[in-house]
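Since the structure comes first, as structure tokens, the remarks are kept for the end.
The values are calculated or read from the model by the stated rules, or taken from the named source; none is laboratory data. Every value quoted in this text rests on a predicted model; they were computed, and no experiment measured them. Glycine gets a Cβ as well: all are built from the backbone with ideal geometry, and neighbour counts include every protein chain shown.
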């Protein structure tokens, strides 16, 4: 997986959130930044642990003025059920169709698996300001998020 590096233009997207409402990257212009969190699949153990940790640490993102959005290839219906079950307070976006199109644009899609890898991008003013990824089954740490947010 070769993800977009800092300084690269952030590909624009518009995806449905877990409630079927469109969310676009451009809609975050004027905010300090948006933290885009690609994850493989809803209801999986590592993904649940990662997103739960983000949910439990909102101050990390609030202090940086960054809005978290999490993206997977799951349908909006699966994402809604998972968000309700877990109480996630940030948008979960469906990259369901065209299948993984946004993940591909960011270099986060794993074609041999059919879903996105664990890749994170902090975007401000249309540019990737920080990015990082971990290998299959390897959760991202809060320290990685802290470093990425500090770099913006």
Filter result for residue 147 (loosely packed, with under 15 Cβ neighbours inside 10 Å and out of contact with any strand residue (DSSP E or B) (no Cβ under 9 Å at 6 or more places or on another chain)): no
message: Checking the conditions here, which among 152, 134 is surrounded by fewer than 20 Cβ atoms within 10 Å (Cβ to Cβ), at pLDDT below 95 and touching a strand residue (DSSP E or B) at 6+ places or on another chain (Cβ under 6 Å)?
response: 152
statement: Within region 125-152, the residues that are over 13 Å from the mean Cα position of the chain (by Cα) and in a helix (DSSP H, G or I) are 142, 143, 144, 146, 147, 148, 149, 150
